[in-house]
Amino acid sequence: MNRVLILIPTLLGLVTFLFILIRLIPGDPARVLAGLMASEEDVELIREQLGLNKPLYVQYFTYMANLFTFNLGVSARTDSPVLYEVMARLPNTLALALSSTALAVALGVPLGVFAASRKSSRLDTLVSTFSIVGISLPTYWLGLIMITIFAVELHLLPAGGYGTPAHFILPTVTIALFLTAFIVKITKASVIDSMEKEYVVTARSKGLTERVILYKHVLRNALIPVITIIGLQFGSLLGGAVITETIYAWPGLGRLIIDAINNRDYPMVQGSIFIFALLYALVNLITDLIYTIVDPRVRLG
Amino acid sequence: MLRIGIGTDADTLDTAGQTTTTINNIVSFVCEPLTYYDEKGNMVYWLAESHTTSSDGLHVTMKLKKNIKFQDGTPFNAAAVKFTYDRLLNPQVKVPNRNLLAALNTTEVVDEYTVRFNLKFPYAPFIRAISNFYIISPSQYAVLGEDNMARNLYNLGTGPLKFKEWVKGDRMVFVKFDEYWGGPISVDEVVFKVIPEAQTREAMLLSGDLDLILSPPPTDVSKLSGTPGVKVIVSDSTRVMTVNLYTAKGPFSDVRVRQAVNYAVDKEAIIKNIVFGLGTISDSSVPPSFFGYSHNEPYEYNPEKAKKLLADAGYPDGFTCKMMVPTGRYLFDRQVGEAIQSYLGKVGIKVELFTPDWPTFVSQLLGTSPTNSTWDMTFVGYAMTVPDADAMLYPTMHSSQWAPGKFNTMIYKNEKVDSLLDQARREVDPNKRLSMYAEAQKEIWNDCPWIFLYVQKFIIAHSDKVSGLVVYPYETFDIRTLKMA
């Protein structure tokens with residue numbers, strides 16, 4: 001319960017911080033909206049309509065008051081409610097986050113455990129190399145290569161856009177590659193670390209096989225840091241993977257946020273990042289809940 | 001179905017609220033203007049059929065084409081034109097291009113198919129300026145409501161495409177209007193897909209996921225031209241790339257220094273090596289497709305002459321200065337800035353580059369004043385929406401238009417140019433206007449308030465299944481005569 005209560009001041013602090021931060025960046029939202037060649041009079045009209053001429057504290061309190069009624073305001077750019085714009089894209093980002101995380105976990109955890117149990121063998125080296133490559137490959141390059149091979153040359157998959165299950169494949173793999181490599185590393189390190197604990201020595205001396213020790217006793221403990229990582233990664237994917245979304249023309253939250261910042265769309269920046277933060281906090285809460293299931297020693301306060 | 005790939009999504013579909021050429025182009029397929037232009041840039045009548053201007057230049061009377069229906073079945077007539085233009089002048093409505101109608105006072109219905117525009121002052125380019133504004137059906141507007149204008153164009157116009165849906169961030173879908181007055185188009189549905197990454201657009205064209213794309217990666221233009229099944233159209237545009245020189249004080253207040261930098265930069269080499277040939281060297285401050293353009297001799301690449309001019313002006317050892325360049329806004333903007341820095345370095349001018357992001361760039365550019373500037377030189381591109389020399393020269397060269405807030409950011413003043421521009425915008429006789437602008441351009445050419453660089457080219461690539469596409473020298477295209485195999 002404490003954790004939920006702490007959220008409120010945290011999020012309020014975040015919104016205040018965003019409010020100030022976006023206004024510190026140089027650039028006039030009304031001018032960006034009106035375009036380079038609009039007259040100063042027309043820009044001024046737009047500035048009025050956006051409420052930018054009101055004193056800063058008035059703008060702040062109006063925004064905060066609206067926030068308490070779940071009114072996130074209206075995009076300066078499109079005149080469309082911020083909430084509506086975010087909700088139009090969130091499902092796309094959520095779907096991609098789920099599919100790539102699921103793939104990464106399904107591949108990464110077993111591979112990590114496998115590498116830990118075959119430590120220092122040739123297979124282990126193979127998996128480690130894959131790990132390093134996966135973490136180091138730039139998303140931009142990987143995405144374009146995959147499009148070139150699978151869409152342009154082989155005509156197997158669509159190059160971009162969104163709509164059918166086939167559209168999911170390339171973006172999911174692009175994100176999952178990095179994530180898998182990361183999970184493999186963490187899982188392997190955690191399993192190796194757990195295998196050296198005292199209770200494992202005891203279990204061995206009792207005559208249990210390595211296999212039983214690993215899968216029945218160690219795994220649950222070893223997975224705790226892995227769950228943390230998966231939770232954090234999934235949470236940040238909810239903010240959208242901007243590069244992947246751009247390359248594959250995936251209409252997601254990441255692009256929405258970046259475009260809003262570039263356009264100095266204050267309500268959209270504040271609102272979309274606020275929602276992202278809310279979701280991120282939610283994901284962390286759920287991750288904590290999962291701990292209590294996996295590790296009976298942990299209880300939520 | 002015709003699938004077109006574009007780079008950015010619309011922020012608004014409102015016919016009054018357009019700020020980008022591409023979305024404006026798309027909206028023009030749904031709602032149409034009174035006048036338009038042809039491939040050579042000549043004005044043509046579109047929904048209007050003729051016009052006369054009063055001898056004092058204050059009244060423009062237009063006769064409208066008859067028997068045209070809006071997509072909602074109501075007739076296109078003078079009342080609809082008045083309704084549209086009254087809305088455009090309404091300060092409650094966001095109209096970023098309202099300054100194009102600065103001359104308009106009132107719109108009058110003379111009879112069912114005759115409308116009169118009463119102007120506040122004589123303004124010859126008015127008849128071209130109205131090609132940017134699209135006529136909407138008053139009855140459909142009443143059905144949709146003002147709040148829907150930004151996102152819903154259903155049955156609103158007279159154009160060949162009917163709005164179907166807009167999935168934000170993803171696509172805009174249109175279907176053919178069977179009773180279009182110009183004859184229905186040959187495709188049933190047109191989808192504009194938003195694909196921000198140029199490489200992905202190209203891949204989707206090559207994989208067959210798209211039929212036509214705008215602005216493929218400029219580095220791949222020659223490769224695409226040689227690819228079987230693909231056609232590439234490289235067309236002139238109106239995007240004039242220049243380096244504004246701050247003339248209020250400092251080294252660029254001396255015309256010899258300004259001429260020197262025009263000799264010091266090898267423009268042909270920049271076009272060839274940096275911009276992949278996608279530019280035409282400037283021979284005027286006005287692009288060739290504008291009414292009033294006239295030719296001047298480009299400043300040839302001559303570093304020796306540049307050095308001599310600098311020495312004459314009192315800078316035998318050159319000087320240091322600051323150049324502002326946006327990034328990611330224009331084709332290879334950063335790289336062009338670096339090339340210019342290098343050329344000027346060779347004649348002794350040490351250039352410090354700074355590259356702010358676009359909104360910061362705009363606020364620094366427009367915040368310039370006669371006493372203060374953060375830059376001595378700035379790379380910038382102008383794409384004026386009215387293809388008339390007045391639209392190009394008045395805002396950028398007239399001394400009443402000095403920054404801050406206006407576009408003569410060079411703080412340039414030439415009384416002869418001022419007087420010519422003032423007269424030419426009121427002059428009703430087109431031939432007199434042409435000679436006034438020719439003289440003005442000659443003066444400006446000698447004064448060098450800019451480093452005159454090049455006019456950017458505009459590229460469209462499409463599958464060879466597509467034919468009958470029309471491309472205008474305004475970064476716009478038309479699908480009315482398009483056919484798909």
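For region B:256-302, what does the relative contact order come out to in percent, with C-alpha contacts under 8 Å and a separation of six or more? Mind showing how you got there, number by number?
Values: 35 pairs, mean separation 19.3, N = 47.
Reported as a whole number, the value is 41 percent.
Annotation: average projected area of chain B is 22.1 square nanometres, based on the convex hull of Cα atoms across all directions.
When averaged across all projection directions, what area in nm² does the alpha-carbon convex hull of chain A cover?
Numbers: hull surface 80.7 nm².
If I average the Cα hull's projected area over directions, I get 20.2 nm².
What the Kirkwood sum gives for region A:170-301 is a hydrodynamic radius of 17.4 Å, with every pair of different alpha carbons counted. Volume of the convex hull of the protein assembly as shown (Cα atoms only), normalised per residue: 187 Å³. For a straight C-alpha distance cut-off of 26 angstrom, the lysines reachable from A:Lys119 (same-chain residues fewer than eight places away being disregarded) are A:Lys185, A:Lys188, A:Lys197, A:Lys206, A:Lys216. Treating region A:80-232 as a set of equal point scatterers at the Cα positions, no solvent, please give the Debye-formula log₁₀ I(q)/I(0) at q = 0.11, 0.13 Å⁻¹. Computed log10 I(q)/I(0) values: -0.56, -0.71. Are there chymotrypsin sites (Phe, Trp or Tyr not before Pro) in region A:54-153 that DSSP marks as loop and that have at most 12 other Cβ atoms within 10 Å, and which are they? Counting only loop positions with at most 12 other Cβ atoms within 10 Å, the chymotrypsin sites (Phe, Trp or Tyr not before Pro) in region A:54-153 are A:Phe70.
Note on region B:226-265 and region A:96-113: Cα centroid distance 52 Å, given to the nearest whole angstrom. Largest first, the extents of the alpha carbon coordinates of region B:329-379 on the three principal axes equal 31, 28, 11 Å. In summary, the convex hull built on the alpha carbon positions of region B:13-155 has an orientation-averaged projected area of 8.2 nm².
For region A:105-214, which trypsin sites (Lys or Arg not before Pro) pass both filters: DSSP loop (anything but H, G, I, E, B) and at most 10 other C-beta atoms within 10 Å? Passing both the DSSP loop test and the Cβ count: A:Lys206. Rounded to 0.05, the FRET efficiency of the B:Glu39 and B:Asp422 pair, given R0 = 35 Å and the Cβ-Cβ distance, is 0.65. Relative to the longest principal axis of the C-alpha atoms of chain A, give the angle of the C-alpha long axis of helix A:253-262, reported between 0 and 90° and rounded to the nearest 10°. Roughly 40 degrees, rounded to the nearest 10.
Based on the Cα atoms of region B:230-275, what semi-axes does the equivalent ellipsoid have, where each is the square root of 5 times one gyration tensor eigenvalue, given in whole Å with the largest first?
On the way: eigenvalues 195, 35, 9 Å².
Working from the Cα gyration tensor, I get semi-axes of 31, 13, 7 Å.
For region B:35-111, taking the reciprocal of the average inverse distance between every pair of different Cα atoms yields a Kirkwood hydrodynamic radius of 14.3 Å. For chain A, the longest principal axis of the C-alpha atoms and the axis of helix A:122-136 are separated by about 10°. Note on region B:22-116: dipole from Cβ charges, positive end direction compared against B:Ile68, B:Ile23, B:Gly41; the farthest Cα belongs to B:Ile23. Shown for B:Lys168, B:Lys350: other C-beta atoms within 10 Å of each C-beta, ranked fewest to most, produce the order B:Lys350, B:Lys168.
Axis angle, to the nearest 10 degrees, between helix A:2-24 and the longest C-alpha principal axis of chain A: 50 degrees.
Placing unit charges on the Cβ atoms only, positive for Lys and Arg and negative for Asp and Glu, gives chain B a dipole magnitude near 180 debye about its Cα centre.
For region A:188-238, the spread of Cα positions along the three principal axes, ordered from largest to smallest, is 46, 15, 13 Å.
Would you mind checking B:Lys416/B:Lys442; B:Lys308/B:Lys350; B:Lys406/B:Lys457 for any pair whose Cα atoms are more than 20 angstrom apart? Intermediate values should be presented prior to the final figure.
Details: B:Lys416/B:Lys442 11 Å; B:Lys308/B:Lys350 17 Å; B:Lys406/B:Lys457 26 Å.
Beyond 20 Å: B:Lys406/B:Lys457.
Annotation: aspartates and glutamates with alpha-carbon distance below 16 angstrom to B:Lys63 (same-chain offsets under eight excluded): B:Glu32, B:Glu49, B:Glu108, B:Asp111, B:Glu112.
The lysine pair count for region B:95-234, using Cα distances under 29 Å and pairs eight or more places apart or on different chains, is 13. Each residue in B:Ile340, B:Ile26, B:Ile460 was given a count of other beta-carbon atoms within 10 angstrom of its own, and listing them fewest first yields B:Ile460, B:Ile26, B:Ile340.
Debye calculation, C-alpha points only, no solvent: report log10 I(q)/I(0) for region B:244-345 at q = 0.18, 0.21 Å⁻¹, in the same order as the q values. Values, matching the q order: -1.01, -1.27.
How compact is region B:285-345 by the rule of thumb for globular proteins, expressed as Cα Rg over 2.2 N^0.38 Å?
Dividing the Cα Rg of region B:285-345 by 2.2 N^0.38 Å gives 1.48.
Think of region B:349-483 as having a plus end and a minus end, set by charges on the Cβ of Lys, Arg, Asp and Glu; of B:Ala440, B:Val351, B:Ser400, B:Ala440 sits farthest toward the positive end of this dipole.
Residue by residue through B:192-202, how many Cβ atoms from other chains fall within 10 Å of the Cβ on average? Intermediate results must be reported in sequence, preceding the final value.
On the way: counts 0, 4, 5, 7, 9, 11, 0, 8, 11, 3, 5.
Counting Cβ atoms of other protein chains within 10 Å of each residue's Cβ and averaging gives 6.
Across region B:159-274, the relative contact order, built from alpha-carbon pairs under 8 Å that are at least six residues apart, equals 12 percent. The mean of 1/r over all pairs of different alpha-carbon atoms in region B:358-485, once inverted, gives a Kirkwood hydrodynamic radius of 17.2 Å.
Coordinate-derived values only; no laboratory data. Keep in mind it's a predicted model, so treat the numbers as computed, not measured. Glycine also receives a Cβ, built like all others from the backbone with ideal geometry; neighbour counts cover every protein chain displayed.
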